[in-house]
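Presented below is the structure to which this report refers.
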Amino acid sequence: MAITTDEQSMSVCRRCGYTAISGSDEWNRISAPPFGRMTQCPECGSTDVTNRQ
């Protein structure tokens, strides 16, 4: 059975409001030592991204 968008966790950029499925290829990933890999908004470049259920 396929998972629908309603059942998947969504991530939201707190800076510009960009929204996409958490962990999807729509989000950029950057390496930011000492934090490791971080999610980055493809629209504004912010790393202030949060998950919403």
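The values are calculated or read from the model by the stated rules, or taken from the named source; none is laboratory data. Values in this document were obtained by computation on a predicted structure and should not be read as measured data. To get the accessible areas, we keep the full protein, side chains included, count just its heavy atoms, and leave off ligands, DNA and RNA. Shrake-Rupley method; radii C 1.70, N 1.55, O 1.52, S 1.80 Å.
The table below lists the values:
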{"item": "Region 20-38, residues that are open to solvent by 50 Å² or more (accessible area, probe 1.4 Å) and of a type in the set (S, T, N, Q)", "result": "28, 31"}
{"item": "Residues satisfying the stated conditions in region 39-48, i.e. open to solvent by less than 40 Å² (accessible area, probe 1.4 Å) and among the hydrophobic types (A, V, I, L, M, F, W, C)", "result": "41"}
{"item": "Hey, residue 8 open to solvent by 80 Å² or more (accessible area, probe 1.4 Å) and more than 10 Å from the chain's Cα centre (by Cα) or not", "result": "no"}
